[in-house]
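Take a look at the structure below.
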Amino acid sequence: MEVGGSKKTRYIPVGFKLMLSYFIFIIIPVLLIGYVSHSMYVDSIRKQTEMNLRSTLKQISDNVNYKLQDVKRISDMLYNDSSLARQLRIQSEGFETYDRTTNIIMPKFSAALNATGQNIWMSIYLENNSISERYYDIYESEHPDTIGRNYNMYHLSRIKEKKWYLSYPKEVYGQTLKWMEVEKDASFNRISLLRRLVDNHNPLNLEEIGFIRISAMKSELFQSIDYQTIGKGSVLMLKDDKGKVIYHSGERTTNLVSNHDSGYYLTIQEKITDMPWQLEAYVPMTIINQDTLKVRLFTFMVCLICFIVFTFLGIFISRYFSKRVTKIVSVLKAFREGDLSKRFTYRGKDEFAQIATALNDVGENIGALIEEVYLTQIQKKEAELEILQSQINPHFLYNTLSSINRLAKFGETEKLQRMVLELAKFYRLTLNEGRTMIPVRTEVEQANAYLEIQKIKYGDRMDVMFDIHPDIWPYETVKLVLQPFIENVLEHAWCGDRIHLRIVARKDNEDILFRIIDDGIGMTQDRIDQIFHPKEHVNAGYGIRNVDQRIKLQYGASYGVTIHSKLGMGTSVDIRIPAKRIAQFPLKE
């Protein structure tokens, strides 16, 4: 461009300015490399440590599970002993009861108790009151630590009003058992395995004949849960399915959770096999942090220097470009929002000036083009909808007039009058002053008017039920979406002398869902595919395709008709449209 007729005005191209800016920021990849290297180093140490800790935690979990299973095995001996169950059912008195208790029942309890080396204490609660209670201390003040490895026999009535007994789950043979802290377990730092004794001679009707409570010391049962196996400062916790801590080892501080949330602990979890319990290990991150402190400090210093440098450079660059870019962005934003009259001026001879000129030229012409294309598409869409709409009515009218002709021929004037009145009502609702969109209520009335016409024809052979939710009344729909499917049922779905039809309309999230269900003959998936994608010269399912196309033209490809059917079982048709509230119709002059 010449100035004064002899010289060209020179300017710095925006590409060069951007290249200069990118050259300044070349240091960023170096920072990223440092950060990635630091992260990879920390992650490598963390993964190796976590792998070793998981292996240790798995071993601890297996040891805990072994002891739990050992206690469960004792309960299995009593639970699965059918001869014991038979003895506990017998009602007797006097010496016979005493002899059976001392020579049969008590030896079985002793054998089960001695089947393990763990220091456990067992209480057996019996439904049979003819068997006398036998215990070593007063029930209310029993002290399991002084009793030692022994057992007590009580009547079941002692615990039937206890909350823990009432909340015990329903019996499933061989599977219902539960670990809980009951009675004075918490005071003595113990936990009990609870299990019913049932009469297993009839698995379909399990009768409770007793209840087993095996109390074990937590320190012995969870002996392998030792924080020292994980490391100094670690915490091991055994939690139940509700997150309650059953047992812990190590310093359990009140701020453990907050420290864990801030990244102070590395948390590892391991489930206890066949139990709804979880073993959690909290390992302090201090050791790993010490190894990575130098790398972290170096990265921090580099980032701090870059931040200072980039701040000053950013201020300079933003001041240089912000005014120019802001003007361009404001125009583009106005264009995006539909305001194509936005213009701006720019003094200069560089690329920004060329962009300004180009945008102003675009604003001059594109508005008219957009409006022309938009109006053309709307007119095309409305024309297609009107064509599709007009193709439904003649077919229905032809069939109805044929029925009217037959009624007139046979002199059934009353039915003829009713059919004519319902036909008039149907077309009054269908015409609807030429509108394509109608209220959902009107569409349901149309379907009902059509069905009233068909009831005159079919009588009691047709059973119809409407299931319409009142929430859908404030919404609109494309008209005549139900009638073609009802007609299709009555024309093609008969299977026998009667047919049942259910019409559902409800709101499904942000959509309106119509559903037509029949118990007719049904159809194959190939037939359904042929309806929506007909082969050449095949007009089957024209009315269904018509409704589907009208809905897609009005609302888009994500809406329309879906058919589910099986031969001999009937058909369910879903018609989905968006839930749009009824617009205010303009008044006719």
>> Going through the cross-link list LYS160/LYS239; LYS72/LYS184; LYS455/LYS580; LYS178/LYS239; LYS163/LYS239, which pairs have a Cα-Cα distance over 26 Å in this structure?
In response: LYS160/LYS239; LYS455/LYS580
> Rounded, prolate or oblate: which fits the stretch 68-207, taking a ≥ b ≥ c as square roots of the Cα gyration tensor eigenvalues, rounded meaning a/c under 1.5, else prolate when a/b beats b/c?
Replying inline: rounded
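Sorted by accessible area with a 1.4 angstrom probe, largest first, how do THR49, THR413, THR571, THR229 fall? Provide the component values of the computation, followed by the final result.
Details: THR49 45, THR413 100, THR571 15, THR229 75 Å².
From most exposed to least exposed: THR413, THR229, THR49, THR571.
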>> Quick check: net charge around GLU96, other residues with Cβ under 15 Å of its Cβ, Lys/Arg +1 and Asp/Glu -1?
In response: +1
> Please report, for the Cα atoms of the stretch 140-232, the Rg to one decimal and the Dmax as a whole number; what are they, in angstrom?
Replying inline: 16.1, 55
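The values are calculated or read from the model by the stated rules, or taken from the named source; none is laboratory data. Just so you know, these numbers come straight off a predicted model, no measurement behind them. A quick note on method: Cβ atoms are made from the backbone with ideal geometry, for glycine too, and the neighbour counts reach across all protein chains shown. Keep in mind that these areas ignore ligands, DNA and RNA; they rest on the heavy atoms of the full protein, side chains included. Shrake-Rupley method; radii C 1.70, N 1.55, O 1.52, S 1.80 Å.
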